[in-house]
Structures are given as structure tokens and as C-alpha cells.
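The values are calculated or read from the model by the stated rules, or taken from the named source; none is laboratory data. What you see is a predicted model; the values in this text were computed from it and never measured. Positions of Cβ are backbone-derived with ideal geometry, glycine not excepted, and every protein chain shown enters the neighbour counts. The area values use the complete protein model at the heavy-atom level, side chains included, leaving out ligands, DNA and RNA. Shrake-Rupley method; radii C 1.70, N 1.55, O 1.52, S 1.80 Å.
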Amino acid sequence: MKILKLLTILYFFIAQLSAQNKSQLTAPLIQEVEIGEAVIFKVDWNEQYQLSWTSNLDSAKFDRQEGEFYWDNPKGVNGLFQVEFTLTDSAEKLLEKATTVIKVMKRAYTPLINFSPDSLINDGFIVLGQGESYELEFVATSANVRRNENVLISYVLNGNPNIKSFEQSEITILGNRLLLQWKPTQQQADNKYYDLEIIAIDETNSISRSDFHFKIQDKNLPPTFKYSLSENYIISADQPLTIDFSVNDPDNEEYNYLADLSVQGGAVLTTKDGQFSWKLSSNELAALSDNFPVELTLKAVNKNNSEELIAKKVQITQNRNNTPPTIARLSNLSIREGYAVKRRVFVNDENHSLNQLEFKLENEPQWLYLQQDGEALFLMSDTLGFDIVKADGIPVQYDVLLSVRDPEMASDNKFFTITVNEGINSQKIYQQYTNYLQNTEAILGGLRLRIEELDDRLERNAKLKKAFLLSSIFLGGFSAVGSFFDEQTIANQAVPYTGAALAISSSVNALAFNQEGQITTLKVKLEAVEKNLIRNRSYLLIYDVLDENDEQLKNPELVDKVKSYRQQLIEQHIELEKLEDNYRELNYIKKQIKRNRRKGREGELAWDFLNQNQ
């Protein structure tokens, strides 16, 4: 019985102890987020007690009803922060504490890989000609690092890591650059397709992979007619029949153009650029009427190799009563990216309605089409994208052939050129405009702090220099006068000591300020950059752009300024990186770096305001 009571008392004691040790407050130990992400976590506590919290975060909130902590990091800061939760009873006696550490990290960006020259890119392929020599460059950059030279780069060819280079090629890696020298062979032209995968990794271990696809063009490909040739053509009296049989040659070689008619008569002309023309008067057509249909052989022969040629036989029939259709008033077209094409095409036909005619475009861009609206015909397109003109801004031209044919096979055709000029992408310009202002603001703030720091340093040096100068004059004067006193006097005995002090003072005066010129030069260069940035920013602010739909963004003057200033900012960024190196070579900065390194605060003197995305 005594043992049972003892066990009961022991059980009750253990239960009380367990209840006392049970946590009344629970919060996560650490929360890790990137800049731009909100911090949200739950806190659990015994609600019969009072919960309070403190934090070094601005605008942080705690919802007691939901037990939820929230902070959206409105200023975009990074670093370590903490939130402390305290649980007390009704007598305000501390029962328990819980601390949550919040670690906000800079957002990691994956490296970018750029290729040049981009003029070789066509339909997603880097097109190379067999037998031609090429020097290609691939450059990796990263917004996560201060110097892109620290980005590492490697590659894989055709998915096989054991292949080190293509045949007749040499690959060299220099820091963040991969250089490919390549002269494709005939065998490579036969295989046609090759792949290069480039892997880039920066100091933050962010990795990106980019695939580049090569197409090797065979230089021995035969020529082709630039425009498709019909099997049958119709000629009418007093109306010239014109046929374009010019060719496209992959090797850009020159050709002689020949036309052979099975009859003689009329005005026949074959131009050196592949244009055939035949015109018959009414009397000539009547005289040759028994010879129709007439055979016409069109031939293009390589000037350097007569065995390389292309030929086509067609038939020409006469039109006795039908008046062939004609295309009138079709002029060249110039358009800008961001706009749509709508151009009226005028066609004359005395015998047929527009619905009875057949129209065809050749060599046209994919976005161009024909649309009929009643008895009107239009060249049309949707709004052109901003990816037609390459980065070099050179307009893109298309030579297009428009053909019309009636049911009796009578036809006409006209050439016209469409020129696409670089457009103004308002959204892109607005983003560049705002990014430039933000980046400039950050750099100006950092520059001003450094300039003021150098100003203070120069002012401090001037004061110290003046003090050393006065002390040198005093000690020099004492040394000179003290020797006239009697040998047993204190003044005479102090001469050696004042002489030593004078030497020390002079040495310090000479050595302590030997970098004053470097500091002044650095300050002047920083002020020059600052002045240029302030001027450019002021010019842009004149336009008072409100949002990405603002009409000001279509102002060519503003667009040119944004492009020019962005390029200047890149050059200024490079210059400031060099000036930062000069800054870190100053003696007093070297001492601060050593002190900070011992305290684990080495990065405090870095010019973080340069780490802006250009």
C-alpha cells in the first residue's frame, strides 16, 4: 500500500514537471528570402498568457488573430534582421522568449551569354558557308558580380563532352569569353547541322546553359530561279510580255542570261540581270498567228563555269480578244516596326472582275498578305513586332513580286520593295528610361558620399600639414637659438632633443601627405563623372514621362537620348570601377580595409552603388 502511494505521488510529480517543461511559445528559428519576396510565418502560443513582440524592421506587421507575422521589405534591403517574441503572465512575469532570424539575400540572376556577330543568325541558326573562315565570339555576363571577367565558361559540342573542337576549328577560352575560329569543310556541309552548348557560372554559383545551333551551307548548291516560272504565258498585241528569270546562287556567283524563241519577230530584249521582254504589234501578231503556241527557252549560265546552269522551257500563246490585266500605281513601301501595313493595289482589267483574277506574292515576308474588300485589293499585315530589325539598327529590305493572272492565262507582274525601319518600342524605352534614372540616382548618391569623404580627407590633411609646419618652425627656431645659451642651461641641453623632434616632424610632414595629389586627382575625376550624370539626368527629366503609354516615348529625340545616355552609363561604370581600384590603393583606405578585415567587415568600403543593372 505504501509503495502504491509512493508511485502515485511520483507520477503526479513527473506530470507537473512535464507540464512546466512544455513550450508555451513556438516561432521559427530562421526565415530565408530573396529581395522582393515577402516574409510570412506563423507563431503559436498559449493564449491564456500575454504575447508581445519587437523587431528592427520597418513596416512589419503581426496579426494576433491569425498568429501571422508579415513583412514585405518595401525598401528592398538585404542582410540579417530579427523578430523577438515574449510571453508573460498576468503579473508580467517572463515565461518564455522566442527569436526568429530573417535573412534577406540579394536576388540571384543567371548569367547571360551573347554571341557576335549576330548578322550570321538566320531563323534561329548561325549560318556558316563551307570553305569560309569565321571568328565567332561568345561572351558571358552576370548581374550578380562586379566584374564579368570572374564568370567561368565551359562548353559541350554536339552533346558529347569528350569532343574538344569541330574539324577545322579552334576553341579558346579567355575568362568569360569563348572564341571559336572555324573554316567548315565539305563533309561538315554534307552533315549540315552542329550544336554548341555553353555553360556559364558566376561567383554566386548561378548557372545558365545556352544552346547555339549551326547550319553549314554548301557552297556547291545549284542556283534556283528567284521567282517561280509559269508553264504558259499569253502575249497580246502592243502589250509587252515580261518574264523575270533571274536566279539566286548560294555562292553569289554571276550568271549570263539567255533567251531562245522558236520564232523571229517583234521586239525581243534580254537584260543582263535576267529580264526577258517580247512585244508584238497587231500586224506582227497576225503574221505569226500560225506559229502559236511559241516555245521559249530561258537559261542562266554561270560565268565562271558553263557547266553550271539552270534552264526552263515555257509556252507562249496569243491573245486575240482578251485584254490582259495590268497592275498600276504600285510603289515601294517603307514602314516602321510597331505599325501595320495597309496599302491599296490598283489593278486594271477590262474583261474580268477582281474576284475572277488570281493574285500571287513571291519572296514576300511571312507577315505580308493580300486581302480583297469588294472591288479593292490591299497589301496587309498585322502590327509588326520589334524583332525584325537587328540590333545594329540597319533597315531590312524585301524585294517582292506581285503577279496577277486572268482565267485566259493573261498576266502581269510588278516588283516593289518593302523597307522595314527600326521602330520605337514604348514599353522597352520606358523600361530603359526608368532604369537609367534609378541607376543614375543610386550612383550619384554613392559618388557624393565618396567625394565628401575625399573632401574631408583633404581638409584634415591641410590642418595637420599646417600644424606640422608650425611645429617645424618652432623647433627649428629653438634649435638655432638654444645654442647661444650657456652650456649648463636647460635651453642649451634641450637642443639635441628639439633637433630630433624637428627631424621627426619634417619626416612625418613629408610622408604623411605624399598621396595628397592622388586624392585630389581622384576627387576631380569623380566630380567630372558626377557632373555628367547630373546633366544627363536633368535632360531626361525635362520630358516628364508618366508611364509606358506616355506619348513622349515616341519622341525620336528622347529615344536617341535614352540610347546615348545608357551607352555613356556603361562607359562611366567601367571608368568608376577603375577609380574604385585607385581609391583602394590610398594608404588610409588600405589601413581601413585591414581593420575591417580583422572585424569581418571587409566589404564595407566596396562601392556597392556600382552594382546596378545596366
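Where residues in the stretch 226-253 are of a type in the set (A, V, I, L, M, F, W, C) and surrounded by 18 or more Cβ atoms within 10 Å (Cβ to Cβ), which of them is nearest to the chain's Cα centre (by Cα)? Let's see the steps before the verdict.
The first filter runs over the stretch 226-253 and keeps only residues of a type in the set (A, V, I, L, M, F, W, C), leaving 229, 234-235, 237, 241, 243, 245, 247.
From the residues that got through so far, the ones that are surrounded by 18 or more Cβ atoms within 10 Å (Cβ to Cβ) too are 234-235, 241, 243, 245, 247.
Working: I234: 54, I235: 56, L241: 51, I243: 46, F245: 43, V247: 38 Å.
Among them, the one singled out is V247.
Please verify whether the stretch 387-406 includes one or more residues that are open to solvent by less than 40 Å² (accessible area, probe 1.4 Å), touching a Pro at 6+ places or on another chain (Cβ under 6 Å) and in contact (Cβ under 8 Å) with a residue 12 or more places away in the chain. Within the stretch 387-406, one or more residues are open to solvent by less than 40 Å² (accessible area, probe 1.4 Å), touching a Pro at 6+ places or on another chain (Cβ under 6 Å) and in contact (Cβ under 8 Å) with a residue 12 or more places away in the chain. Among the residues making up the stretch 518-555, a single one is β-branched (V, I, T), open to solvent by 30 Å² or more (accessible area, probe 1.4 Å) and farther than 30 Å from I589 by Cα: I542. Checking the stretch 377-387 against the condition returns a match, with at least one residue being in a loop (DSSP other than H, G, I, E, B) and among the aliphatic types (A, V, I, L, M). Kindly check whether there is at least one residue in the stretch 409-417 that is in contact with a helix residue (DSSP H, G or I) (Cβ under 9 Å, 6 or more places away or on another chain) and at pLDDT below 90. Within the stretch 409-417 (the criterion being in contact with a helix residue (DSSP H, G or I) (Cβ under 9 Å, 6 or more places away or on another chain) and at pLDDT below 90), the answer is no, since none of the residues qualifies.
With respect to the conditions (1) open to solvent by 90 Å² or more (accessible area, probe 1.4 Å); (2) closer than 30 Å to P395 by Cα, Q50 lacks only one, and its number is (2).
Conditions (1) of a type outside the set (G, A, S); (2) part of a strand (DSSP E or B); (3) modelled with pLDDT under 90, marked per residue:
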{"residue": "L10", "(1), (2), (3)": "yes, no, yes"}
{"residue": "Q16", "(1), (2), (3)": "yes, no, yes"}
{"residue": "W53", "(1), (2), (3)": "yes, yes, no"}
{"residue": "S59", "(1), (2), (3)": "no, no, yes"}
{"residue": "G76", "(1), (2), (3)": "no, no, yes"}
{"residue": "Q82", "(1), (2), (3)": "yes, yes, no"}
{"residue": "F85", "(1), (2), (3)": "yes, yes, no"}
{"residue": "T100", "(1), (2), (3)": "yes, yes, no"}
{"residue": "V104", "(1), (2), (3)": "yes, yes, yes"}
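For the stretch 27-47, give me the residue count where each residue is surrounded by fewer than 17 Cβ atoms within 10 Å (Cβ to Cβ), at pLDDT 90 or above and in a strand (DSSP E or B). Count: 5.
Screening the stretch 135-169 for residues that are touching a residue at least 60 places away in the same chain (Cβ under 8 Å) and part of a loop (DSSP other than H, G, I, E, B) and picking the one that is farthest from E197 (Cα to Cα) gives R146.
In this structure, is E66 at pLDDT 90 or above and either part of a loop (DSSP other than H, G, I, E, B) or surrounded by fewer than 12 Cβ atoms within 10 Å (Cβ to Cβ) (or both)? So that I can check it myself, show each step before the final result.
Values: at pLDDT 90 or above: no; either part of a loop (DSSP other than H, G, I, E, B) or surrounded by fewer than 12 Cβ atoms within 10 Å (Cβ to Cβ) (or both): yes.
Here the answer is no, as E66 does not meet what is asked.
When the helices (runs of 4 or more DSSP H) confined to the stretch 467-569 are screened for residues that are at pLDDT 75 or above, those reaching at least 3 such residues are found at 516-541.
Under 6 Å by Cβ, and 6 or more places apart or on different chains, what pairs join a residue from the stretch 52-70 that is on the phi > 0 side of the Ramachandran plot with one that is of a type in the set (A, V, I, L, M, F, W, C)? Correct list of pairs: G67/V43.
May I ask you to say which residue of S353, S403 is under 25 Å from S230 (Cβ atoms), small (G, A, S) and at pLDDT 90 or above?
Numbers: S353 fails: at pLDDT 90 or above.
Residue meeting the stated conditions: S403.
When restricted to residues that are closer than 21 Å to T88 by Cβ and open to solvent by less than 70 Å² (accessible area, probe 1.4 Å), the stretch 54-63 contains 4.
Taken together, the criteria exclude L579 from residues that are surrounded by 11 or more Cβ atoms within 10 Å (Cβ to Cβ), assigned to a helix (DSSP H, G or I), at negative phi and at pLDDT below 80.
Scanning the stretch 357-376 for residues that are assigned to a loop (DSSP other than H, G, I, E, B), surrounded by 15 or more Cβ atoms within 10 Å (Cβ to Cβ) and not charged (D, E, K, R) yields a total of 4.
Within the stretch 197-211, the set of residues being open to solvent by 30 Å² or more (accessible area, probe 1.4 Å) and either in contact with a Leu (Cβ under 6 Å, 6 or more places away or on another chain) or not in a strand (DSSP E or B) (or both) comprises I201, E203, T204, N205.
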